[in-house]
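The values are calculated or read from the model by the stated rules, or taken from the named source; none is laboratory data. Owing to the predicted nature of the structure, the values given are computational and were not obtained by experimental measurement. Every residue, glycine as well, gets a Cβ built from its backbone with ideal geometry; the counts of neighbours run over all protein chains shown. For accessibility, only protein heavy atoms count, side chains too; no ligands or nucleic acids. Shrake-Rupley method; radii C 1.70, N 1.55, O 1.52, S 1.80 Å.
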Amino acid sequence: MPRRRFYRRRRPRRWRKPYQGNVCSYCGRKFTELLYQCKYCGERFCSKHHLPESHKCKALPSRSWGTYTGERGKREPVIVGGPPTWVPAPTKRFPGHRVHKTIKKIGSVLGGIAILAIIIVIGLLIWAVFIPWLGTFAGTSGGESSIDISQLEQDTFNFINQERSEYGLAPVSWDDQVADVAREHSKDMAQNDFFEHQNLQGQNVDDRLSEGGVSFFSCGEILLEQSVIESETTTWIFIIPITSTDYKSQSEMAQSAVSGWMASSGHRAIILTSGFSDAGVGVWVDSDETTYYFTGDFIG
C-alpha cells in the first residue's frame, strides 16, 4: 500500500506593496531625489505629500483631514534613512477665536456676579424673615419698656419729698397747674430736640408759669434728660447679630432722675429750698420712646 504523504497548509502571506524606489505612495510620481518617510504609516512620499494630512495617513485615527492640524509644533519632515522626528503643525484657530475668548470671559464674570447677587438676595430674605424669630428665641429685646408716664411723674415727685424729709424740710404739695406747665415744657423739648430752661420762644420758667395762670412769689425749675435703656449686649449667631436690650423699670427711672438732680449742686439747692410750698413734675418721651425729658417746677 502506497504511503500517504501529508502536507501542512501554508498560511497566505499578507500582501505588501513592493518597494518601487523613489516613487510617491500617494501620487505615484517618480523622483530622483530621496523621498520622505511618514513616521506613522512608514510609507514614502514626495515633498508635496509627506505630511499626514497631505496623504491622509491611514495609520492615524480617522478624522476630517480638512481641519486636522495635529499637535502643536513645527512641521519637520525627515528624509528617508533618518529617525522619524516629524512634529505636526500648530493648531489652527478660527478667525474670531479672540472675540469668542473675550465673550467667554465676560460670561464667566457676569455669571459670578449673578451668583453673588442671588446669595445677597437670599441673605436679605433670611434677614427679613428669620431675624424676628431669632430675636424672640434668643431674647433680642430683653423685655419691653412699659412705663406709665403719669405714674412716673408721681413717683418722681414722691422721691423729691423723700429727699426733703431727709434734710428736715416740709414736703411740697402737688399742684396740677404747675405740673401742666412742666409737662408742656418737657413735650416742647422732646418734639423740638433741645434741652434748655429757655424755650425756643425765649420764655423762662416764670414766663411759662405766668402764661399758665399760676400765681407765685418765687419759682425754680429742674431739668433732666434720661434714657430708658440700661444696657445693650450683642451676641453673634454665625453672621447674624442678636442684640439683647435691658430696660429700666419705672421706679428705677424716677429714682435715677432724683439721684441725678441731687448730684448737681444747682438742682439740689432748688429741691432743698425751704421757701417752696408747691411743685409739679412733667415727663415726656421722644418719638423713639427711648429718651425721657423730666421737668420739675417749684413755686412759693
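Quick rundown of the values:
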{"quantity": "Accessible area of segment 184-273 divided out per residue, in Å², using a probe of 1.4 angstrom", "calculated": "56"}
{"quantity": "Pairs of Cα atoms farther than 18 Å apart, segment 155-248, %", "calculated": "63"}
{"quantity": "Per-residue HN-Hα couplings for segment 35-49 [Karplus 6.51, -1.76, 1.60; θ = phi - 60°; Hz; x = Gly/Pro]", "calculated": "9, 9, 10, 6, 7, 9, 9, x, 7, 9, 9, 6, 5, 7, 10"}
{"quantity": "Distance (nanometres) between label positions extended 7 Å along Cα→Cβ at Val23 and Leu116", "calculated": "7.0"}
{"quantity": "Residue-level accessible surface for Leu125, protein heavy atoms, 1.4 Å, Å²", "calculated": "100"}
{"quantity": "Environment charge of Ala179, counting only residues whose C-beta is closer than 9 Å and scoring Lys/Arg +1, Asp/Glu -1", "calculated": "-4"}
{"quantity": "Rounded to the nearest 20 debye, dipole of segment 168-300 from Cβ charges on Lys, Arg, Asp, Glu", "calculated": "360"}
{"quantity": "Whole-Hz couplings from phi, Karplus 6.51/-1.76/1.60, listed for segment 156-173; x for Gly and Pro", "calculated": "5, 4, 5, 5, 5, 5, 5, 5, 5, 5, 5, 9, x, 9, 6, x, 8, 9"}
{"quantity": "R0 of 22 Å, Cβ-Cβ distance Glu289-Asn158: FRET efficiency to nearest 0.05", "calculated": "0.40"}
{"quantity": "Gyration tensor verdict on segment 181-300 (Cα atoms; rounded if a/c is under 1.5, prolate if a/b is larger than b/c, oblate otherwise)", "calculated": "prolate"}
{"quantity": "Sequence of Ile299, Ile118 from largest to smallest accessible area, 1.4 Å probe", "calculated": "Ile118, Ile299"}
{"quantity": "Taking segment 163-257 and dividing mean pair separation by its residue count, relative contact order in percent (alpha carbons under 8 Å, at least six apart)", "calculated": "17"}
{"quantity": "Euclidean distance between Cα centres, segment 239-300 to segment 168-202, Å", "calculated": "12"}
{"quantity": "Within the accessible area of segment 227-300 (1.4 Å probe), percent carbon and sulfur", "calculated": "51"}
{"quantity": "Local electrostatic count at Asp206 - Lys and Arg +1, Asp and Glu -1, tallied over other residues with Cβ under 14 Å", "calculated": "-3"}
{"quantity": "Heavy atoms of Met253 accessible to a 1.4 Å probe, total area in Å² rounded to 10", "calculated": "0"}
{"quantity": "Rounded accessible area of Thr234 (nearest 10 Å², 1.4 Å probe)", "calculated": "80"}
{"quantity": "Ranked order, Phe294, Phe31, Phe195 - accessible area, probe 1.4 Å, largest first", "calculated": "Phe195, Phe31, Phe294"}
{"quantity": "Around Glu230: net Lys/Arg minus Asp/Glu count, Cβ-Cβ under 10 Å", "calculated": "-2"}
{"quantity": "R0 of 45 Å, Cβ-Cβ distance Ser274-Thr235: FRET efficiency to nearest 0.05", "calculated": "0.30"}
